[in-house]
Amino acid sequence: QVQLVESGGGLVQAGGSLRLSCAASDRTFSSYAMGWFRQAPGKERDFVAAISWSGGSTYYADSVKGRFTISRDNAKNTVYLQMNSLKPEDPAVYYCAARIGDMRTVWSRYTYWGQGTQVTVSS
């Protein structure tokens, strides 16, 4: 059982930056592909970014490409989401997720989830 804990959310002005972190409890963290998803009130949970177990491959939603960067440090059992140039459409609860195997963009393909961290963008 992998436990995931997100941190780093908060309030930022439009155009600003935040870095989210997701710490995993499992020492086999390097075996998992990781994803970030977000969910705004009344909306579906949307894919944001994913990274392979090695960190060698990444994939982004079109809406965040060029602004967000996913990375991981397997020595620290942590995955990051650097968010730059935040826009008014970015606010949501951001979740990290883990799965054995390849990266996926569909939330239901992930096995383990964190509790989420709120990101708010003021205009």
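The values are calculated or read from the model by the stated rules, or taken from the named source; none is laboratory data. All values derive from a computational prediction rather than experimental measurement. Don't worry about glycine lacking a Cβ; one is built from the backbone with ideal geometry, like all the others, and counts go over all protein chains shown. Calculation scope for accessible area: heavy atoms of the full protein, side chains included, ligands and nucleic acids excluded. Shrake-Rupley method; radii C 1.70, N 1.55, O 1.52, S 1.80 Å.
Checking the cross-link filter: which lysines have an alpha carbon closer than 17 Å to that of Lys76, excluding same-chain neighbours under 8 positions apart? Lys76 reaches no qualifying lysines. Computed from the alpha carbon positions, the gyration tensor of segment 1-100 leads to an equivalent ellipsoid with semi-axes of 22, 13, 13 Å, biggest first.
Suppose R0 equals 22 Å; then what is the FRET efficiency for Ser25 and Asp46 from their Cβ-Cβ distance, rounded to the nearest 0.05?
0.30
Expressed as a whole percent, the accessible surface of the chain that belongs to carbon and sulfur atoms is 46, based on a 1.4 Å probe.
Rounded to whole Å, give me the distance from the Cα center of segment 90-123 to that of segment 11-38. Centre-to-centre distance over Cα atoms comes out at 8 Å. Across segment 49-54, computed HN-Hα scalar couplings (Karplus, 6.51 cos²θ - 1.76 cosθ + 1.60, θ = phi - 60°) run 7, 9, 9, 6, 4, 8 Hz from first to last residue, x flagging Gly and Pro. List the lysines whose Cα sits under 24 Å from the Cα of Lys87, skipping any in the same chain fewer than 8 residues away. Within reach: Lys43, Lys65. Computed with a 1.4 Å probe over protein heavy atoms only, the accessible surface of the chain comes to 51 Å² per residue. Between Asp62 and Ser122, the C-beta separation translates, for a Förster distance of 30 Å, into a calculated FRET efficiency of about 0.80.
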